[in-house]
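Undergrad: Dropping the structure in here first, questions after.
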Amino acid sequence: MQKHEITLCKIAIADEKYVEDVLSNDRANLTASALDPKAHALVRLGALIAIDAEAPAYMWTLEAARRAGASDDELVGCLLAALPTLGVARIVSAAPKLGLAMGFDVASALEART
C-alpha cells in the first residue's frame, strides 16, 4: 500500500497511536499532513468556518496563516472558496467572526455606511 492509503486506513479505524501522534503537537500534525504551512493553516481556517466556530477560535489559525505568508485577501478568500460547499448562511455567519479575528469589525463598518 502507498503512504496515503495507509494513512486513510489508520484514520478510518481511529488508530489510537497514530491519532495521538498526529495530535501531539502542531509540528507533528503539519508533518503528517504533507501540506506546506500556509496550505495547512488555510485548511484549518476552512474547518473553523465549516463548524461555525466563534471569533476567538480563529485567532491562532489566523496567526499561523499570516506567519506562513497568507495575506488578508487569502484569508477572506477561504470564505469564498467554502461558499459553494457550505452555503450562504454559514459564510454570512462566519464573515463577521473572521473579520473580528482579523481586527476588523464588520458590524461597525456596516453601521457606519448607513
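Undergrad: Would you check if residue 100 is out of contact with any Gly (no Cβ under 8 Å at 6 or more places or on another chain), in contact (Cβ under 8 Å) with a residue 24 or more places away in the chain, over 21 Å from residue 26 (Cα atoms) and open to solvent by 50 Å² or more (accessible area, probe 1.4 Å)?
TA: Criteria met by residue 100.
Undergrad: Would you call residue 41 in contact with a Pro (Cβ under 9 Å, 6 or more places away or on another chain) and either part of a helix (DSSP H, G or I) or touching a residue at least 60 places away in the same chain (Cβ under 8 Å) (or both)? So that I can check it myself, show each step before the final result.
TA: Numbers: in contact with a Pro (Cβ under 9 Å, 6 or more places away or on another chain): no; either part of a helix (DSSP H, G or I) or touching a residue at least 60 places away in the same chain (Cβ under 8 Å) (or both): yes.
No; evaluated as a whole, the condition is false for this residue.
Let's see how each residue does on (1) in contact with a Pro (Cβ under 9 Å, 6 or more places away or on another chain); (2) touching a residue at least 60 places away in the same chain (Cβ under 8 Å); (3) closer than 22 Å to residue 27 by Cα:
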{"site": "49", "(1), (2), (3)": "no, no, no"}
{"site": "52", "(1), (2), (3)": "no, no, no"}
{"site": "61", "(1), (2), (3)": "no, no, yes"}
{"site": "66", "(1), (2), (3)": "no, no, yes"}
{"site": "85", "(1), (2), (3)": "no, no, no"}
{"site": "94", "(1), (2), (3)": "no, no, no"}
{"site": "106", "(1), (2), (3)": "yes, no, no"}
{"site": "113", "(1), (2), (3)": "no, no, no"}
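Undergrad: Considering the range 63-97 alone, what residues qualify as being surrounded by 14 or more Cβ atoms within 10 Å (Cβ to Cβ) and not in a helix (DSSP H, G or I)?
TA: 68, 70
The values are calculated or read from the model by the stated rules, or taken from the named source; none is laboratory data. Predicted, not measured: the structure shown is a model, and the values here were computed from it. As a convention, Cβ positions derive from the backbone with ideal geometry for all residues, glycine included, and neighbour counts pool all protein chains shown. Areas reflect the complete protein model, heavy atoms only, side chains present, ligands, DNA and RNA absent. Shrake-Rupley method; radii C 1.70, N 1.55, O 1.52, S 1.80 Å.
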